[in-house]
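The values are calculated or read from the model by the stated rules, or taken from the named source; none is laboratory data. Note that this is a predicted model, so its numbers are computed, not measured. Here the Cβ positions follow ideal geometry from the backbone for every residue, glycine too, while neighbour counts run over all protein chains shown. The area values use the complete protein model at the heavy-atom level, side chains included, leaving out ligands, DNA and RNA. Shrake-Rupley method; radii C 1.70, N 1.55, O 1.52, S 1.80 Å.
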Amino acid sequence: MRQKIVAGNWKMNNNLNEGIKLTSEVVNMVQDELTNGVQVILGCPFIHLTSVQKLTNGTKVALSAQNVHQEEKGAYTGEVSATMLKSVPVQYVIIGHSERREYFEESNELLAKKVDILLKNELIPIFCCGESLAIREAGNHVEYVCNQLKESLYHLSTADFSKIVIAYEPIWAIGTGVTASAAQAQEMHLALRNFIAEKYGQEIADNTSILYGGSVKPANAQELFACPDVDGGLVGGASLKSRDFVDIAKSF
Ligand code: 13P
């Protein structure tokens, strides 16, 4: 059985005290209320990680960074390496978010290197993919997103690929309040699973967690998570409110 996951992506929000308060609330609610086996993950800015780790350590909540540099170490002022993240420790790292692809010009090729450095350091990549509205309207969305997987992930061995978490986030649904319909999410998730099966076999595809992201809220989570190929969510705005975020995790 593939793991059900609800991951928060705080993006560039919360000062340190706000992040600590939010984490404490989430950890307490998850410990008290969550009984459905969903893995809850907090995706924090780098400066929060060590403080948040002290609060999540030994609880059901896991920790994720939002980015990593592709090189081992060296003269890359302002960057953070996989070994640094491992030393916190964090368990997951979000890579390839559409905001990083757009504003920081991250290519599929660069992301392949980030995947490699994470796996080398036994960190789990949450690999984001997704199409723009123009690509969807042209009817090329499935082909486009499959190609993102192919160019960044398909160099991996079967053993390495089986460690990856995929997050499908249609760009037109991020931060817009417009959610993909359950049917649109299911269509893409099934297409991705079939595409993975072609390369790595049905068993690996069936065990790959594919999350949906884009305006996930308590009001729509249940319908999205009811789709057979939607294994959870990557949540932006609603992850900044502890009650909403934990209610999303409880929606399974
Ligand atoms: P929103 O939930 O705010 O739409 O953000 C989605 C997202 O980008 C998560 O990574």
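Its relative contact order, with pairs defined as Cα atoms under 8 Å and 6+ residues apart, puts the stretch 1-90 at 29 percent.
Dipole magnitude for the stretch 77-218: about 300 debye, using +1 per Lys or Arg Cβ and -1 per Asp or Glu Cβ, origin at the Cα centre. Projected over every direction and averaged, the convex hull enclosing the alpha-carbon atoms of the chain yields 12.4 nm².
Heavy-atom surface analysis with a 1.4 Å probe gives the chain a carbon and sulfur content of 51 percent of its accessible area.
Taken over the C-alpha atoms, the stretch 57-169 has Rg and Dmax values of 14.6, 47 angstrom. Along the stretch 182-195 the Karplus relation, 6.51 cos²θ - 1.76 cosθ + 1.60 evaluated at θ = phi - 60°, assigns HN-Hα couplings of 4, 5, 5, 5, 4, 4, 5, 4, 5, 4, 5, 5, 5, 5 Hz to successive residues, with x for each Gly and Pro. A Cβ-based charge dipole, computed about the Cα centre of the chain with Lys and Arg at +1 and Asp and Glu at -1, lands at about 600 debye.
Residues whose amide H lies under 5 Å from that of ILE41, counting only those 5 or more places away or on a different chain, are VAL6, ALA7, GLY8, ALA62; hydrogens are built 1.01 Å from N in the peptide plane. Protein heavy-atom accessible surface, 1.4 Å probe, per residue over the chain: 44 Å².
Compactness of the stretch 154-231 is given as radius of gyration and Dmax, 13.1, 39 Å, from Cα positions.
Semi-axis lengths, largest first, of the ellipsoid equivalent to the stretch 41-102 are 21, 14, 9 Å, with √(5λ) applied to each eigenvalue of the Cα gyration tensor.
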